[in-house]
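Novice: Below are the structure tokens for one structure; questions will follow.
The values are calculated or read from the model by the stated rules, or taken from the named source; none is laboratory data. Just so it is clear, the structure is predicted and the values come from calculations on it, not from any experiment. All Cβ positions, glycine included, derive from the backbone under ideal geometry; neighbour counts span all protein chains shown.
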Amino acid sequence: GETRHYHFHIRLNNITRLCHTKPLITVNGEYPGPAIIAREGDRVVINVTNHVKDNVTIHWHGIRQIRSAWADGPAYVTQCPIQTGQSYIYNFTITGQRGTLWWHAHISWLRATLYGPIIIHPKKQATYPFTKPHQESPILFGEWWNANTENVINEAMQNGGGPNVSDAYTINGLPGPFYNCSTKDTFKLKVIPGKTYLLRIINAALNDELFFAIANHTVTVVEIDALYVKPFQTKAVLISPGQTTNVLLKAKSIPPPLNARFLMAARPYVTGSGTFDNSTTAGILEYAQVSNSSSPALTFKPTLPALNDTSFATKFSQKLRSLATPQFPAAVPQSVDKHFFFTVGLGLNPCPKGQKCQGPNGTKFAASMNNISFVLPSTALLQAHYFGKSKGVYKLNFPDNPPFSFNYTGTPPNNTRTLNDTRLKVVPFNATIQVVLQDTSLVGPESHPLHLHGYDFFVVGQGTGNYNPRSDPKHFNLVDPPQRNTVGVPSGGWVAIRFRADNPGVWFMHCHLEVHTSWGLKMAWVVLDGNAPNHSLPPPPSDLPAC
Ligand code: C2O
């Protein structure tokens, strides 16, 4: 492979959307940020220089980072933040992945404005397992707040309630025609009749799962999270924060009327009971000859699933299957060395003395896995682990099971308080791991897009209600389950994931709804080094920031 060099300068730039101008933290002045473009097998070297007051780190979401955990990026997990005036070089090789991933800031809520695509082309001589597209375009969903997003989350953390919802969703940074002052700020895609286009869909929104559809067109899903799937056609796509989905769009071969414009739109899929941004972002699909047309536009609007269409969501995720061909096999672990059962959900903690809390009945919102609200340390976990200095930084007693007998349909235990702590789970190198992730209804059922760093896991099973360890495994798909880095734990249900712990390091696992991460729905794994010389983590780079 080649080596691709990038320099990311983190700078403030004034950006205007919805008639509001605010200084935005950007990469190289761009919003959304620049694309990283590489081929499978390439080394990517990104020098990140921080010119703003806030501490920054960048995470390469979905990149496996095989034996390069130092380049993963979550603040206080694999590195201390890059401080004002400092630089850090992220250096990693793309192995066994091709398709679309993305990068984003991984500290506080800075990813609201610091994000961009990672485009991974197949190796030079490699053939696509689907029609080679004529052209391609990223479709990057984001969320825009008129207010400063750091203030939004800091206020919520102080008053214990939910954060203010966003003012708009965006496609490639543009809200589109359904919002104030945004007719000009609309993403446009021009296509030629009969040609096939690859849309690289990325959900970079902070707190919302999204449905996406294009008027009068179906799309074919071909890849998720930079791994091929068995192609299937669909009228709409469900995409959770953190996920990426590549679809083929075939432009109609008989050109539509000259003045036709087809809206592509996204709006949320809602499972929780809290407030949410109930607005719709849209872009325009136009056929190439349209620019010469002088007649008034004829606009077609897509039909999107209803806000709470869980049946669509379930069917969509059940259609996802690994390609599982001899060329692209699915290495599903057939046996399990370590079994885990983690609950994921919200909790309500008492309001700290002297504070007024805006959660239900004056409580403070929290979120947890196995009832532990994860607390980030003030130094980086990976350094503490590597240098054997875990004392006072973290403990290795993250529980294998929840501390209460969990029953989704029954009465919640009378104590829904979470325990705030920094607890990690250690696993040996190369062990096969199964984790059942069970949504809890302690505050209310809600779907949680769970993301694991450093790995792609197989989603071997999913269901509604309580996971049944006797009957449910009988229905697991161990042949062609989808493989990905972020999976939606269904609202009031469970998913089972499997992976082989073949990548040493400290790996974050968390809900990719940013407010849930802020509330503590996160934990970390320690994967030990293996015995063979190429099975251990190399020492940290010399420019790794200090805390
Ligand atoms: Cu996309 Cu831990 O993040």
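Novice: Limited to the stretch 467-481, what total is found for residues that are surrounded by fewer than 18 Cβ atoms within 10 Å (Cβ to Cβ) and within 18 Å of P449 (Cα to Cα)?
Specialist: Residues in the stretch 467-481 being surrounded by fewer than 18 Cβ atoms within 10 Å (Cβ to Cβ) and within 18 Å of P449 (Cα to Cα): 0 in total.
Novice: Could you grab me the full set of residues in the stretch 161-188 that are buried (at least 23 other Cβ atoms within 10 Å of the Cβ) and assigned to a loop (DSSP other than H, G, I, E, B)?
Specialist: P163, S166, P175, G176, Y179
Novice: Here's another thing I want to ask about it. Got at least one residue in the stretch 426-447 being farther than 28 Å from F312 by Cα, crowded, with 22+ Cβ neighbours inside 10 Å and within 16 Å of the ligand (Cβ to nearest atom)?
Specialist: no
Novice: For the stretch 488-504: of the residues being within 16 Å of the ligand (Cβ to nearest atom) and touching a His at 6+ places or on another chain (Cβ under 8 Å), which is farthest from L419 (Cα to Cα)?
Specialist: Once the filter is applied, the top-ranked residue is G488.
Novice: Does F316 fit the bill of being surrounded by fewer than 16 Cβ atoms within 10 Å (Cβ to Cβ) and either of a type in the set (A, V, I, L, M, F, W, C) or touching a Pro at 6+ places or on another chain (Cβ under 9 Å) (or both)?
Specialist: It is false that F316 is surrounded by fewer than 16 Cβ atoms within 10 Å (Cβ to Cβ) and either of a type in the set (A, V, I, L, M, F, W, C) or touching a Pro at 6+ places or on another chain (Cβ under 9 Å) (or both).
Novice: Restrict the check to the stretch 418-429 and report whether at least one residue is over 29 Å from F365 (Cα atoms), free of Cβ contacts under 8 Å to residues at least 12 places away in the same chain and not assigned by TED's automatic domain parsing to the domain that holds A71.
Specialist: no
Novice: Looking only at the stretch 115-135, which residues are part of a strand (DSSP E or B) and within 13 Å of E223 (Cα to Cα)?
Specialist: Within the stretch 115-135, I119, I120, H121 meet the criteria.
Novice: Confirm whether T93 is among the hydroxyl-bearing types (S, T, Y), under 30 Å from P326 (Cβ atoms) and at pLDDT 95 or above.
Specialist: So T93 passes the test.
Novice: Moving to a separate point now. Scan the stretch 58-76 for residues that are within 15 Å of the ligand (Cβ to nearest atom) and assigned to a loop (DSSP other than H, G, I, E, B) and jot them down.
Specialist: Correct list: G62, I63, R64, Q65, D72, G73, P74, Y76.
Novice: Here is a follow-up. Restricting the first residue to the stretch 189-200 and requiring it to be surrounded by fewer than 20 Cβ atoms within 10 Å (Cβ to Cβ) and part of a strand (DSSP E or B), which pairs with a second residue that is of a type in the set (K, R) and modelled with pLDDT under 95 meet a Cβ separation below 8 Å and a spacing of at least six or different chains?
Specialist: Pairs that qualify, where the first residue is surrounded by fewer than 20 Cβ atoms within 10 Å (Cβ to Cβ) and part of a strand (DSSP E or B) and the partner is of a type in the set (K, R) and modelled with pLDDT under 95, are T196/K132.
Novice: Of all residues in the stretch 2-41, how many are buried (at least 20 other Cβ atoms within 10 Å of the Cβ), away from the ligand (no atom under 16 Å from the Cβ) and either in the same structural domain as H512 (by TED's automatic domain parsing) or not in a strand (DSSP E or B) (or both)?
Specialist: 1
Novice: If we keep just the residues of the stretch 77-102 that are in contact with a helix residue (DSSP H, G or I) (Cβ under 7 Å, 6 or more places away or on another chain) and assigned to a loop (DSSP other than H, G, I, E, B), which is farthest from R43 (Cα to Cα)?
Specialist: Result: V77.
Novice: Could you tell me which of the residues N164, N159, N146, N172 is under 18 Å from the mean Cα position of the chain (by Cα), in the same structural domain as V237 (by TED's automatic domain parsing) and away from the ligand (no atom under 16 Å from the Cβ)?
Specialist: So the residue among N164, N159, N146, N172 that is under 18 Å from the mean Cα position of the chain (by Cα), in the same structural domain as V237 (by TED's automatic domain parsing) and away from the ligand (no atom under 16 Å from the Cβ) is N172.
Novice: So which residues in the stretch 452-485 are over 21 Å from H510 (Cα atoms), touching a residue at least 60 places away in the same chain (Cβ under 8 Å) and of a type in the set (A, V, I, L, M, F, W, C)?
Specialist: The answer is L478, V479.
Novice: Quick one: what pairs do we get from the stretch 208-223, first residue closer than 19 Å to F187 by Cα, second among the acidic types (D, E), C-beta under 9 Å, 6+ apart or different chains?
Specialist: Between residues of the stretch 208-223 that are closer than 19 Å to F187 by Cα and residues that are among the acidic types (D, E), the close pairs are F211/D309.
Novice: So G492 fits all but one of (1) of a type in the set (G, A, S); (2) touching a residue at least 60 places away in the same chain (Cβ under 8 Å); (3) on the phi < 0 side of the Ramachandran plot; what number is the exception?
Specialist: G492 satisfies every listed condition except (3).
Novice: Follow-up. Specify the residue that is farthest from L304 (Cα to Cα); the eligible residues are those in the stretch 215-236 that are in a loop (DSSP other than H, G, I, E, B) and within 16 Å of the ligand (Cβ to nearest atom).
Specialist: A226
Novice: Another question about this same structure. Is it true that D529 is touching a residue at least 24 places away in the same chain (Cβ under 8 Å) and farther than 23 Å from L227 by Cα? Please lay out each step first, then the result.
Specialist: Working: touching a residue at least 24 places away in the same chain (Cβ under 8 Å): yes; farther than 23 Å from L227 by Cα: yes.
For D529, the condition - touching a residue at least 24 places away in the same chain (Cβ under 8 Å) and farther than 23 Å from L227 by Cα - is met.
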